[in-house]
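Student: I have a structure here, written as structure tokens, and I will follow up with some questions on it.
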Amino acid sequence: MDVKAQAAVGLVTAALLGVGALAGCSVGVPDPAAPKFSPTATALATPTITPGHDAAAVAAKDMPFSAGASLAGGVPVGISDGLKSAPGWALVKDKVAGGSQYLKSDGCLVAAKVRANQSSLVLADDKESTAGLFTYLDPTILPAYLKTGTLRWGGEPDKPGPVVEVLVLEEPGQAGSKSTAVMARVFGAAASSVYVSVSCPDAATLAAAKAEVAARLIVVPPSN
């Protein structure tokens, strides 16, 4: 990953954590000519029942990007707080400004946020919309920097269950800088998004933290 890509990871992680840029990452100067975006409302949309929609059947299957249209229109997803019960983890912020943060004894910090009313981010499909979310957070992020990963899609922690595809922006970390990863998914039909950032002292602790996030921070399918 080149220098611009590394800086992009740090800036996006900092944005999700609500703090300044991480050590070792440069701070981008916004382009005055770039389009301005209004802050997205954080309140959850009022759930509605879609006639003929089988939410349980959708929740029981994997949710790849291609299956995004199977969700009920306008009913947002959620995210669990299961990471707080994992060994070595503690919940340090609980639904503050729409997000929660978890701190591990080895120094890893995880921030998880869900947003509703995300129709302005919806593009041709969920994968393109998710790539657009990263660009919205930092215009220097290119699609080539993003990889496909998964989080849990419903079910219970530590038990087999379906998964949901996400895009991942990752920086292994250089000497003296943190290793970081950001995982995100825009659900166009549901008009909501989920994104999770992980910041750790090094690549080894990041790999372990990502595995625990994937197992315990469950994306909650819409129930209606």
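Student: Go through the stretch 92-102 residue by residue and tally those that are surrounded by fewer than 16 Cβ atoms within 10 Å (Cβ to Cβ) and either within 20 Å of L206 (Cβ to Cβ) or basic (K, R) (or both).
Tutor: Our first condition is that a residue be surrounded by fewer than 16 Cβ atoms within 10 Å (Cβ to Cβ); within the stretch 92-102, this holds for 92-98.
Now narrow it down to the ones that are either within 20 Å of L206 (Cβ to Cβ) or basic (K, R) (or both): 92-93, 95.
Here the count works out to 3.
Student: Looking for something surrounded by fewer than 15 Cβ atoms within 10 Å (Cβ to Cβ) and either under 30 Å from A203 (Cα atoms) or modelled with pLDDT of 90 or more (or both) - is there at least one such residue anywhere in the stretch 33-45?
Tutor: There is no residue in the stretch 33-45 that is surrounded by fewer than 15 Cβ atoms within 10 Å (Cβ to Cβ) and either under 30 Å from A203 (Cα atoms) or modelled with pLDDT of 90 or more (or both).
Student: Going through the stretch 132-153 one residue at a time, which ones are out of contact with any Gly (no Cβ under 9 Å at 6 or more places or on another chain), surrounded by fewer than 20 Cβ atoms within 10 Å (Cβ to Cβ) and in a loop (DSSP other than H, G, I, E, B)?
Tutor: L142
Student: What number of residues in the stretch 62-90 are outside any helix (DSSP H, G or I) and surrounded by 14 or more Cβ atoms within 10 Å (Cβ to Cβ)? Before the answer, list the steps.
Tutor: Here is the first cut: in the stretch 62-90, the residues outside any helix (DSSP H, G or I) are 62-64, 71-81, 86-90.
Those still in the list that are surrounded by 14 or more Cβ atoms within 10 Å (Cβ to Cβ) too: 63-64, 71-72, 74-81, 86, 89.
Qualifying residue count for the region: 14.
Student: Of all residues being of a type in the set (S, T, Y) and surrounded by fewer than 23 Cβ atoms within 10 Å (Cβ to Cβ) in the stretch 158-208, which is farthest from T148 (Cα to Cα)? Just the residue, please. Can you show your working first?
Tutor: Pass one, the stretch 158-208, residues of a type in the set (S, T, Y): 177, 179-180, 192-193, 195, 197, 199, 205.
Right, trim to surrounded by fewer than 23 Cβ atoms within 10 Å (Cβ to Cβ) and you get 177, 205.
On the way: S177: 24, T205: 20 Å.
Going through the qualifying residues, I end up with S177.
The values are calculated or read from the model by the stated rules, or taken from the named source; none is laboratory data. Because the structure is a prediction, the values reported are computed rather than measured. Quick reminder, even Gly has a Cβ in these numbers, built from the backbone with ideal geometry, and neighbours come from all protein chains shown.
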